């Protein structure tokens with residue numbers, strides 16, 4: 001295919017992806033009140049399922065209320081007449097993007113796959129499933145864990161002991177933060193898939209990831225200390241463990257791919 005033909009092919013992949021996003025976005029927009037009350041506002045709702053589960057875990061581990069987060073009391077506002085109206089479009093679009101992610105990646109894969117060699121395609125079985133799985137797993141982690149911890153901490157943080165300042169975020173500020181958490185975690189959880197691809201291409205090796213483990217631990221600990229609502233180790237551990245396990249999974253994936261690559265190289269030389 002010529003360069004222009006490739007662009008034409010890419011255009012139709014993009015068009016179909018946009019249509020998928022718009023279809024899901026339309027469904028969300030026509031049910032926007034239910035979506036906002038039951039999903040979007042979840043992390044700042046005192047009765048959110050994550051608050052109850054984390055608190056029950058704390059009691060089950062005989063930690064008392066160590067892990068129980070204080071109630072969140074936030075009254076959001078909008079400073080423009082169209083704030084809520086345009087906010088609903090933002091919710092619908094982001095929801096459509098997340099819901100259509102497997103299809104979007106499938107369209108992207110259909111565009112890239114013809115350029116791969118048969119042996120390269122053979123090593124990418126179930127790629128759509130694994131990419132989608134880790135994306136949704138990360139999005140759920142951002143929504144169910146990081147969201148409640150982050151908003152609880154920020155809503156209850158006081159720069160002054162005189163209670164002179166009241167936190168009244170705008171709806172757009174809340175939506176931006178929630179979107180960043182969900183999409184950011186969704187992308188971050190692609191680490192095992194990225195490790196697989198980079199090891200396949202020879203850019204990274206298991207030894208490199210193992211040598212970098214101590215730096216990764218420091219980065220994850222700092223991140224956990226920032227987003228947890230209190231300085232005790234119980235809260236930080238809840239955030240640290242999943243992120244560290246994700247890094248270790250990336251190491252294991254890299255080891256497996258590297259060994260397979262070495263075996264294939266030996267077979268070719270023999």
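In the condition set (1) within 27 Å of residue 260 (Cα to Cα); (2) touching a residue at least 24 places away in the same chain (Cβ under 8 Å); (3) within 17 Å of the chain's Cα centre (by Cα), residue 93 is compliant with all but (1).
Would a scan of the range 153-169 turn up a residue that is in contact with a strand residue (DSSP E or B) (Cβ under 6 Å, 6 or more places away or on another chain), surrounded by fewer than 19 Cβ atoms within 10 Å (Cβ to Cβ), in contact (Cβ under 8 Å) with a residue 12 or more places away in the chain and more than 29 Å from residue 194 (Cα to Cα)? Yes, the conditions are met somewhere in the range 153-169. Within the set of pairs 6 or more residues apart or between chains, which connect a residue that is under 18 Å from residue 9 (Cβ atoms) inside the range 113-126 to a residue that is in a helix (DSSP H, G or I) and at pLDDT below 75 with Cβ atoms less than 8 Å apart? Close Cβ pairs (under 8 Å, with a partner that is in a helix (DSSP H, G or I) and at pLDDT below 75) amount to 113/121.
Do we have any residue at all in the range 182-194 that's under 26 Å from residue 85 (Cα atoms), crowded, with 18+ Cβ neighbours inside 10 Å and in contact (Cβ under 8 Å) with a residue 40 or more places away in the chain? Yes, the conditions are met somewhere in the range 182-194. Residue-level analysis places residue 77 among those that are touching a residue at least 60 places away in the same chain (Cβ under 8 Å), out of contact with any helix residue (DSSP H, G or I) (no Cβ under 7 Å at 6 or more places or on another chain) and closer than 22 Å to residue 179 by Cβ.
The residues of the range 69-107 that are assigned to a loop (DSSP other than H, G, I, E, B) and crowded, with 16+ Cβ neighbours inside 10 Å, listed by number, are 69, 72, 74, 76, 100. Applying the criterion of being at pLDDT below 75 and under 19 Å from the mean Cα position of the chain (by Cα) to the residues of the range 238-270, the residue that is surrounded by the most Cβ atoms within 10 Å (Cβ to Cβ) is 239.
Matching residues to (1) within 18 Å of residue 48 (Cβ to Cβ); (2) outside any helix (DSSP H, G or I):
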residue: 145; (1), (2): yes, no
residue: 158; (1), (2): no, yes
residue: 174; (1), (2): yes, no
residue: 186; (1), (2): no, no
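Residues that are closer than 23 Å to residue 237 by Cβ, surrounded by fewer than 14 Cβ atoms within 10 Å (Cβ to Cβ) and in the same structural domain as residue 143 (by TED's automatic domain parsing): does the range 1-10 have at least one? Looking through the range 1-10, none of the residues is closer than 23 Å to residue 237 by Cβ, surrounded by fewer than 14 Cβ atoms within 10 Å (Cβ to Cβ) and in the same structural domain as residue 143 (by TED's automatic domain parsing).
Taking the listed residues 113, 117, the one that is in contact with a helix residue (DSSP H, G or I) (Cβ under 7 Å, 6 or more places away or on another chain), assigned by TED's automatic domain parsing to the domain that holds residue 135 and more than 19 Å from residue 180 (Cβ to Cβ) is 113, with no other qualifying. Across the range 13-42, the qualifying residues are those that are surrounded by 12 or more Cβ atoms within 10 Å (Cβ to Cβ) and within 11 Å of residue 107 (Cα to Cα), and the one among them that is modelled with the lowest pLDDT is 13.
The values are calculated or read from the model by the stated rules, or taken from the named source; none is laboratory data. In this text the structure is predicted, and so the values were computed from the model without any measurement. Neighbour counts are summed over all protein chains in view; Cβ atoms, including those assigned to glycine, are modelled from backbone coordinates with ideal geometry.
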